[in-house]
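Encoded as structure tokens, the structure appears first; notes follow it.
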Amino acid sequence: MDNFGDGLQDFLYGNVRRGNVLFVVWDAGNVADDIFELVISGRGSLGTTPPGGRRNFDLTLNPGTYTITIKGVYTDPNSTPCTFGIQVYDRDLLILQEANSMEEGLELTYSITVR
């Protein structure tokens, strides 16, 4: 569902949340081309974002500390590096917000604590 009118999927099920944790990952660069993969400790890969777009990963996690990894899967060779944004919500509390860049094939790791 495109709640913001920007042509990107904002929420997998509209505004209805299924789990207690929401991960939002998107291409934050000037060229809509990048693809990112989200990996969560104990869960493995949750999948990739669409090229140049945004994807929401809505799931249920038990309380505890998790390592999340963002991998730069693809960027146009003429428009490097991979530039992403990420937001993580524990219920309605924003617990991580970041914009960063990396070269294709590399990854960045973050630690989150779910209550």
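Computed quantities for the displayed model
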read-out	value
Strands (runs of 3 or more DSSP E) (entirely within segment 17-115) containing at least 1 residues that are touching a residue at least 40 places away in the same chain (Cβ under 8 Å)	21-27, 35-40, 54-59, 64-74, 82-90, 93-102, 107-114
Odd one out for Arg55 among (1) within 9 Å of Asp34 (Cα to Cα); (2) within 13 Å of the chain's Cα centre (by Cα); (3) open to solvent by 60 Å² or more (accessible area, probe 1.4 Å)	(1)
Counted residues, segment 69-107 - those being more than 18 Å from Val31 (Cα to Cα) and open to solvent by less than 50 Å² (accessible area, probe 1.4 Å)	6
Selection from segment 30-51 of residues that are over 14 Å from Glu107 (Cα atoms) and open to solvent by less than 10 Å² (accessible area, probe 1.4 Å)	Thr49
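The values are calculated or read from the model by the stated rules, or taken from the named source; none is laboratory data. Since we're looking at a predicted model, the values are computed, not measured. When we count neighbours, we look across all protein chains shown, and the Cβ atoms used for this are built from the backbone with ideal geometry, even at glycine. The protein model used for the area step is the full one, side chains on, heavy atoms only, and it has no ligands, DNA or RNA in it. Shrake-Rupley method; radii C 1.70, N 1.55, O 1.52, S 1.80 Å.
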